1. Please state which one of Asn133, Asn122 is farther than 23 Å from Arg96 by Cβ, without any contact (Cβ under 8 Å) to a residue 40 or more places away in the chain and out of contact with any Asp or Glu (no Cβ under 9 Å at 6 or more places or on another chain).
2. Can you tell me which residue is modelled with the highest pLDDT among those in the stretch 18-45 that are among the charged types (D, E, K, R) and more than 20 Å from the chain's Cα centre (by Cα)?
3. In the stretch 79-94, which residues are without any contact (Cβ under 8 Å) to a residue 40 or more places away in the chain, in contact with a helix residue (DSSP H, G or I) (Cβ under 8 Å, 6 or more places away or on another chain) and among the aliphatic types (A, V, I, L, M)?
4. Take the stretch 143-152 and flag every residue that is within 18 Å of Gly200 (Cβ to Cβ) and either acidic (Asp, Glu) or buried (at least 19 other Cβ atoms within 10 Å of the Cβ) (or both).
5. When the residues of the stretch 62-79 are narrowed to those that are of a type in the set (A, V, I, L, M, F, W, C) and crowded, with 18+ Cβ neighbours inside 10 Å, which ends up farthest from Ile296 (Cα to Cα)?
6. Does the stretch 55-73 contain at least one residue that is farther than 30 Å from Asp179 by Cα, in contact with a helix residue (DSSP H, G or I) (Cβ under 6 Å, 6 or more places away or on another chain), modelled with pLDDT under 90 and among the charged types (D, E, K, R)?
7. Name the residues in the stretch 96-123 that are surrounded by fewer than 18 Cβ atoms within 10 Å (Cβ to Cβ) and touching a Gly at 6+ places or on another chain (Cβ under 8 Å), would you?
8. Suppose we filter the stretch 95-110 for residues that are out of contact with any helix residue (DSSP H, G or I) (no Cβ under 6 Å at 6 or more places or on another chain) and over 28 Å from Leu177 (Cα atoms); how many remain?
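The values are calculated or read from the model by the stated rules, or taken from the named source; none is laboratory data. Predicted, not measured: the structure shown is a model, and the values here were computed from it. Backbone-built Cβ (ideal geometry, glycine too); neighbour counts: all protein chains shown.
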Amino acid sequence: MKFRMLGMLAALVVAALPARADRAAYLDLARKGWVYELRTTMVGRDMTIPVRIHGRSLAGAALCIVGEAPHPGAQEVLDAFADLMRTVHGKPLPMRYAGSSARRCGTGRTVVLRLYSGRPPNLALTDDLAWMNKTLALGLPPGRSYMATSPAMAQTFFGRRGAGTHLMVKQPGPGRLTDLERAFYRSILIEELFQSFTFGMDILHFDSDAPYLSKLEEFPVNLMNLPWDSAAFMEGLLGSNPTGLCEFDILMLHAVATAPMERTNDAAFLDYVDDHYDAFLQQARSTLADLRFDAITDPDCRGPVGD
């Protein structure tokens, strides 16, 4: 009996080691992705406007879609993400399509998502931001033009009359999609939505042999000279991080949903995650098991398509 009990204790110790390793890795990712200071801003922006970052600030906001109507693949992602936000925050994420201009989105707590296929609609992007600047008193330089620097981009601006979030994401055009295209467009939309609604930052992943743990991780790749709709660009970008949200990402979504502190980008938030880690992990695993979220999650954090 004594030897059997010792054997059981040894087995429990061995089983606990990976859990401790996962915890340490997750907390390190939380530090890299959420504990940060904003050191740069748009040149010419009014620097007297205060900035307050909390990952729960968009809970209950509405999503106003402009530009192109969502492709069925994009709509599947949007519906699953809305279900995820309702599950985690207990508040709906109402969505509506407002047509060609963000000016039709209204002035409430709204996130603007501009969808497009083909070439980036830079004039429309400029008009969106000009309207947001006027509506929210963002303090952006007047008369400035803006252009897309990647096929998916998200920006949050803090103004004197509130904050505004704008996403512009490329989606498929008409016609049949390859598996590569389907995975690519799904992946970039998931990433921008998650980062916008949690304020998580990109996390560089330098070790190509180490497994991914988060959608926020990115292995550096040079794709500057490749067309965004080329197979080489899509393969390169897909190979740089997971295709959907990982266990860690869902854990952090639950953490920001209940964080009691004023900001989620400082060390107090990291302490909160550490103190409630086991509960958040259990919530994350329960959420991942929900089939409603299959379109936006990657439970194994596979990384490149086909792994």
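1. Within the list Asn133, Asn122, the selection yields Asn122.
2. Arg23
3. Answer for the stretch 79-94, where residues must be without any contact (Cβ under 8 Å) to a residue 40 or more places away in the chain, in contact with a helix residue (DSSP H, G or I) (Cβ under 8 Å, 6 or more places away or on another chain) and among the aliphatic types (A, V, I, L, M): just Leu93.
4. Answer for the stretch 143-152, where residues must be within 18 Å of Gly200 (Cβ to Cβ) and either acidic (Asp, Glu) or buried (at least 19 other Cβ atoms within 10 Å of the Cβ) (or both): just Ala152.
5. Result: Val66.
6. Yes, some residue in the stretch 55-73 is farther than 30 Å from Asp179 by Cα, in contact with a helix residue (DSSP H, G or I) (Cβ under 6 Å, 6 or more places away or on another chain), modelled with pLDDT under 90 and among the charged types (D, E, K, R).
7. Ser100, Arg109, Ser117, Gly118
8. Total satisfying the criteria: 6.
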